[in-house]
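Q: Pasting a structure here, questions to come.
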Amino acid sequence: MESTAADLEFVLVPCAACSALNRIPRRRLSEDPKCGRCHDKVFPRKPVTVTDASWKAQVDECPITVLVDFWADWCGPCKAIAPVLEQIASERGGRLKIVKLNVDQNPKMAARFGVRSIPNLVLLRGPMHLDQMAGAMPKASLDAWLDRFI
């Protein structure tokens, strides 16, 4: 079945709270839409855990910019940057989705992005790679980096 122009004007987005699929007009994505079922915001306000298996649905198919935090349980700097990412997820909800991928449990995606040191932050818009930074950084530096893309 072929897609029509009308079909391309909408995206299907799962709600961060209840997982219901929401059909959202592309032109309204920047308005931070609410879920038709639970009436909560569709895009998450906190980091979301992803795996190699959930990558496509959570990252590649996300209609807003995604910041991926490649991390590990044993990494001190990863633990230090986690509260900063929580705060940014809360502040930039609706414009930025933050996801966390444990490199020890998900080597496929870590290898795809050449992650050799952690924390490693990768900024994506759909499957398009925008930028990548390794190491923990203060919130002001991270905000300045994100402001260049969002």
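Nothing in this text is a laboratory measurement; each read-out follows from the coordinates by a stated rule. Predicted model only: the values in this text are computed from it and were never measured. Methodologically, a virtual Cβ is constructed for each residue, glycine included, from the backbone with ideal geometry; neighbour enumeration extends over all protein chains shown.
Q: Any idea which of 94, 119, 136 is furthest toward the positive side of the dipole for the chain, if Lys and Arg beta-carbons carry +1 and Asp and Glu beta-carbons -1?
A: Toward the positive end, the furthest listed residue is 94.
Q: Now a separate question. Positive end of the charge dipole of the chain (Lys, Arg +1 and Asp, Glu -1 on Cβ, about the Cα centre): tell me which of 109, 55, 42 has its Cα farthest that way.
A: 42
Q: State which stretch of the chain is the longest one without any exposed trypsin sites (Lys or Arg not before Pro), exposure meaning a DSSP loop state and at most 15 other Cβ atoms within 10 Å.
A: Result, exposed sites excluded: 38-94.
Q: Under unit Cβ charges (Lys, Arg +1; Asp, Glu -1), what dipole magnitude, rounded to 20 debye, does segment 103-150 have relative to its Cα centre?
A: 160
Q: Would you work out the charge dipole size for segment 6-150 about its Cα centre, treating the Cβ of every Lys and Arg as +1 and the Cβ of every Asp and Glu as -1, and quote it to the nearest 20 debye?
A: 220
Q: Measure nothing but the geometry: give the 0 to 90° angle between the long axis through the Cα atoms of 76-91 and the longest principal axis through the Cα atoms of the chain, rounded to 10°.
A: With both axes taken from Cα atoms, the answer is about 30 degrees.
Q: Tell me, which cysteines of the chain are without a disulfide-compatible partner by the Cβ under 4.7 Å rule?
A: For the chain, the answer is 62, because their Cβ atoms have no other cysteine Cβ under 4.7 Å.
Q: Then there's this: Any chance you could run the full-extension gain for residue 21 through residue 134? It's 0.36 nm times the residue separation minus the Cα-Cα distance, nm to one decimal.
A: Working it through step by step, the gained length comes to 37.3 nm.
Q: Continuing with the same structure: Counting only DSSP beta bridges with both residues in segment 45-147, what percent are antiparallel, rounded to the nearest 5?
A: Roughly 55 percent of the beta bridges in segment 45-147 run antiparallel, per DSSP.
Q: Let me ask something else. Can you grab the distance from the C-alpha centre of segment 92-106 to the C-alpha centre of segment 126-143, Å, no decimals?
A: With segment 92-106 and segment 126-143 each reduced to a Cα centre, they are spaced 12 Å.
Q: In the chain, what is the volume of the convex hull around the alpha carbon atoms, normalised per residue and reported in Å³?
A: Details: hull volume 18.5 nm³, N = 150.
Convex hull of Cα atoms, per residue: 123 Å³.
Q: Only loop residues by DSSP count here, and only those with at most 16 other Cβ atoms within 10 Å; note down the chymotrypsin sites (Phe, Trp or Tyr not before Pro) in segment 12-112 that meet that.
A: 74
Q: Considering only DSSP states other than H, G, I, E and B, which chymotrypsin sites (Phe, Trp or Tyr not before Pro) in segment 97-150 qualify as loop sites with at most 14 other Cβ atoms within 10 Å?
A: 149
Q: Which is the longest stretch in the chain that no exposed loop site breaks, taking sites as GluC sites (Glu not before Pro) with a DSSP loop state and at most 16 other Cβ atoms within 10 Å?
A: After excluding every exposed loop site, the longest remaining stretch is 62-150.
Q: Straight-line reach from residue 139: which lysines fall under 23 Å, measuring Cα to Cα and dropping same-chain residues less than 8 apart?
A: Partners within reach: 46, 79, 97, 100.
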